[in-house]
Amino acid sequence: MDPVFDRSVIPANKVFIKANEENSRAYVIQTGQVRSYIIDENDEKIEIARYGEGTIIGEVCLVIDDPIPMYYEAVESSTVITITRQDFEKKFAKADNVIQTILEHLAEKLKAQDSKALEDALANPEIDPT
């Protein structure tokens, strides 16, 4: 039997993923908008990206056991579906070895892409006064 994923509403301005903390969940945004950001040495928020309906965030954490380097907060009230690592691993274990290898490599590439986005944001910061 396939798992039933949790759905929840994240209120506007709520941080639901904190930078450098362990995270074993991914989120599919059903409604609303979420942003990622980092905090610079002056305690200013530097926005990395915004995500809308249909976007998945935190997916790398389902495959790689590293903390997310960014904060994620709801820009507006947002409904998300939560996928836990445990649920993902159940489905992942059923996949062919070739598919597993491809997904692991994709996760590494996504992690590198996130690192590049962080470098770019630090090089050209758009500081958010909030």
**Prompt:** What number of residues within region 76-105 satisfy the criterion of being of a type in the set (Lys, Arg) and at pLDDT below 85?
**Reply:** 1
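Got a number for residues in region 80-105 being hydroxyl-bearing (Ser, Thr, Tyr) and either surrounded by fewer than 11 Cβ atoms within 10 Å (Cβ to Cβ) or over 24 Å from residue 7 (Cβ atoms) (or both)?
Count: 1.
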**Prompt:** Going through region 8-27 one residue at a time, which ones are part of a strand (DSSP E or B) and out of contact with any Lys or Arg (no Cβ under 9 Å at 6 or more places or on another chain)?
**Reply:** 8, 9, 10, 15, 16, 27
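Going through 117, 74, 26 one at a time, which residue ends up being within 22 Å of residue 4 (Cα to Cα) and touching a residue at least 60 places away in the same chain (Cβ under 8 Å)?
Going through 117, 74, 26 in turn, just one is within 22 Å of residue 4 (Cα to Cα) and touching a residue at least 60 places away in the same chain (Cβ under 8 Å): 26.
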**Complete:** Within region 29-55, of all residues that are free of Cβ contacts under 8 Å to residues at least 60 places away in the same chain and more than 22 Å from residue 9 (Cα to Cα), the one surrounded by the most Cβ atoms within 10 Å (Cβ to Cβ) is 39
**Prompt:** Is one or more of the residues making up region 62-69 open to solvent by less than 40 Å² (accessible area, probe 1.4 Å), assigned to a helix (DSSP H, G or I), of a type in the set (Val, Ile, Thr) and in contact with a helix residue (DSSP H, G or I) (Cβ under 6 Å, 6 or more places away or on another chain)?
**Reply:** no
**Item:** Which listed residue, of 108, 73, is open to solvent by 80 Å² or more (accessible area, probe 1.4 Å), of a type in the set (Asp, Glu) and modelled with pLDDT of 80 or more
**Value:** 108
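The values are calculated or read from the model by the stated rules, or taken from the named source; none is laboratory data. Note that this is a predicted model, so its numbers are computed, not measured. Note that each Cβ is placed from the backbone with ideal geometry, even for glycine, and that neighbours are counted across all protein chains shown. SASA here: full protein model, heavy atoms, side chains in, ligands and nucleic acids out. Shrake-Rupley method; radii C 1.70, N 1.55, O 1.52, S 1.80 Å.
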